[in-house]
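Scroll down for the structure; my scribbles are underneath it.
Each value in this text was obtained by applying a stated rule to the coordinates, not by laboratory testing. Please read all numbers here as calculations on a predicted model, not as lab measurements. Please note: Cβ atoms are built from the backbone with ideal geometry, for glycine as well, and neighbour counts cover all protein chains shown.
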Amino acid sequence: MLNKIMKRGQRKPSKSEAIEPPLPTSSASNVTVNHASRLAAPTPQPVTLATVPQNPGTVEVLPMLRDVPMSDRHNLFIRKLQICCILFDFTDTMKSIREKEIKRQTLAELVDLVQSGSCKMNEIMQEELIKMISVNIFRCFPPAAHENTGTEGGDPEEDEMFMDPSWPHLQLVYELLLKYVVSLETDTKIAKRYIDHSFVLKLLDLFDSEDIREREYLKTILHRIYGRFMVHRPFIRNAINNIFYRFIFETERYNGIGELLEILGSIINGFALPMKEEHKLFLVRALIPLHKPKCIASYHQQLSYCITQFVEKDYRLADTVIRGLLRYWPVTNCGKEVLFLGELEEVLEVTQSAEFQRCMVPLFRQIGRSLNSSHFQVAERALFWWNKEHIVALIAENRRVILPIIFDALERNIRGHWNQAIIGLSSNVRRMFLEMDPELFEECQRHNEEREARAGELEEQRESTWKRLEEVAAQGTAEDMVFL
């Protein structure tokens, strides 16, 4: 009888208990995580990543999750996460080949499992999953990550592309994180406890990776996090702002500016109207100053898209944007000047007449200087503005202000520019103004001739003065000179 009572006390657990142990509801209930300690001795206890050995000797080959009973899948899932926490040296391709392959296959299995949704993860499993992902992706970059970022404005396509040797594993870890974030089985209320502000900040730090493949994954993942975790949206925007400030005013070195701007381009497109003051301040304090760094060529396309999106959303921002670009106009960098002219063209395409009139005087004073640039690509890019119908309409409407500003620049190009293409384009623009308003054209031409005549008289006076000084100096002797 005594033996029967003892056997009854050692009953087997039900299937639900083995699959999902009760979750902790408070700090005091952490001890209830290992409820399996009440089970019979042969049944393994649930494990966590805290039990992972610091220096594991060998990597254990575990069965596939689909090949074990439901009652064992929880523990097996955690054990597989333990394997995936082991980091390897990928600089030596012949080292730990077997162990690396086991980890790669385990990661691939976890990706398929999360993508299929066949195994619903409880809170403990999700927490351990995020811990494993953090162990793999959050790492320090080598010093070279800050030495070859193209800070002198070189062509990033000509630089040798960096390929992280650990990418076979990193890619699977990023894929796993992406599948977890986008999975319909993921409860955001639970997930936000582990994908918290600290996690997001560390994720943003990874955008400085030199490996463009890693930055592409990070861009997609952060965008998905922004879309699903609404509570994180203001924090993510502020964190990106801080990265931009540090880049603009301190380091001018950061690899992921283009990817962050791509995310922001999508975010800006979704801004509600009327636009919040916070977003306008972001435009003035972060986006416009991003035109300052020398390496703007590496992210200018994405930056220009963000700027244009703001003007499309709120046409009243056109004057702010144009004056901001003029403030950071390059003086000696012709490559940057070509980029600025192209961006201004896109902004003017969505600018309305009232905003155009506010800034047209300083704008076309700068365009006049660009028209006379000895760098033919700068002059050519400025002259191409007259191929845009909307810009020509704005100019025609305000021709009495604009033509007197640039008339002299057009005349100088036609008379003396070294490039025949610039001479031809300048002649075409001159003809457009003549057909647009013959009287205004003749008036500008007359004023231009008067200015040239006055300039000629001044030049003659200077030459005459120097000639007299030379004659006096030739007639005098050393004794006549007075030394002060």
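Which FRET efficiency value, to the nearest 0.05, is calculated for Glu185 and Glu250 with the Förster distance at 51 angstrom and r the Cβ-Cβ distance? Each step should come with its number before you reach the end.
Numbers: r = 42 Å, r/R0 = 0.83.
Between Glu185 and Glu250 the formula returns 0.75.
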Using θ = phi - 60° and the Karplus form 6.51 cos²θ - 1.76 cosθ + 1.60, what ³J(HN,Hα) does each residue of the range 312-318 get, whole Hz, x for Gly and Pro? 5, 5, 9, 4, 5, 7, 4
Volume in Å³ per residue [convex hull over Cα atoms, computed for the range 161-207]: 89 Å³
Using label points projected 7 Å from each Cα along Cα→Cβ, tell me how many nm separate Lys202 and Glu457, to one decimal. 7.8 nm
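I need the calculated FRET efficiency for the pair Arg213 and Ala474, taking r as the beta carbon distance and R₀ as 60 Å, to the nearest 0.05. Could you put the intermediate results ahead of the total?
Working: r = 76 Å, r/R0 = 1.27.
The calculated FRET efficiency here is 0.20.
Using a/c under 1.5 as the rounded threshold, could you call the range 294-374 rounded, prolate or oblate? The axes a ≥ b ≥ c are square roots of the C-alpha gyration tensor eigenvalues, and prolate needs a/b larger than b/c, oblate otherwise. Please report the intermediate quantities before stating the final value.
Numbers: a/c = 2.28, a/b = 1.20, b/c = 1.89.
Note, shape of the range 294-374 comes out oblate.
Could you compute the FRET efficiency for Met161 and Glu346, with r as their C-beta to C-beta distance and R0 at 45 Å, rounded to 0.05?
Values: r = 29 Å, r/R0 = 0.64.
Once the sixth-power term is evaluated, E becomes 0.95.
Which links in Lys276/Lys336; Lys103/Lys131; Lys192/Lys219 stretch past 25 Å when you go from one Cα to the other? Intermediate results must be reported in sequence, preceding the final value.
Working: Lys276/Lys336 31 Å; Lys103/Lys131 16 Å; Lys192/Lys219 19 Å.
In this structure, Lys276/Lys336 exceed 25 Å between Cα atoms.
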Approximate spin-label separation Glu397-Arg224, in nm, with each point projected 7 Å along Cα-to-Cβ: 4.6 nm
Once you have a ≥ b ≥ c as the square roots of the Cα gyration tensor eigenvalues for the range 322-458, tell me rounded if a/c is under 1.5, and otherwise prolate or oblate according to whether a/b is larger than b/c. oblate
Between rounded, prolate and oblate, where does the range 195-320 land on the alpha carbon gyration tensor, with a ≥ b ≥ c its root eigenvalues, rounded for a/c under 1.5, else prolate if a/b exceeds b/c? oblate
Through the Karplus equation 6.51 cos²θ - 1.76 cosθ + 1.60, θ set to phi - 60°, convert the phi angles of the range 359-372 into ³J(HN,Hα) values in whole Hz; use x for Gly and Pro. 10, 5, 5, x, 5, 7, 5, 5, 5, x, 5, 5, 4, 8
